[in-house]
1. Counting only residues that are in a loop (DSSP other than H, G, I, E, B) and either surrounded by fewer than 10 Cβ atoms within 10 Å (Cβ to Cβ) or without any contact (Cβ under 8 Å) to a residue 40 or more places away in the chain (or both), how many does region 71-111 have?
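The values are calculated or read from the model by the stated rules, or taken from the named source; none is laboratory data. The model shown is predicted, which means the values in this text are computed figures rather than measured ones. Quick reminder, even Gly has a Cβ in these numbers, built from the backbone with ideal geometry, and neighbours come from all protein chains shown.
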């Protein structure tokens, strides 16, 4: 049998796994669905998410930051320019509930400002 495998380069995946877990047939992972899993079921449709639709969240778009003393802040008047730490065209930070979730660009939509997300930030939950 080993000679046959050498001739056609076939490998028995169960031998590679040390016979720990059988590899499912060509049908995919359906055979493993009955096994217990530590991962909770993911929502499968929009109807599964209805419970969270009415939860309010705070979305903030940060164009840039600046640091100044209170007396400088009090001197600011109408038309004053505050220099930010970002350059023109640089991505802005998008926060949801004070957590950075994305970066994006400012766009104009029917004479209103809007945001286009260009990058989703994936952070570790710790």
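1. Residues that pass the stated criteria total 19.
Each row is one residue, and each column tells you yes or no for (1) at negative phi; (2) at pLDDT 90 or above.
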{"position": "40", "(1), (2)": "yes, no"}
{"position": "56", "(1), (2)": "yes, yes"}
{"position": "66", "(1), (2)": "yes, yes"}
{"position": "71", "(1), (2)": "yes, yes"}
{"position": "75", "(1), (2)": "yes, yes"}
{"position": "104", "(1), (2)": "yes, yes"}
{"position": "110", "(1), (2)": "no, yes"}
{"position": "114", "(1), (2)": "yes, yes"}
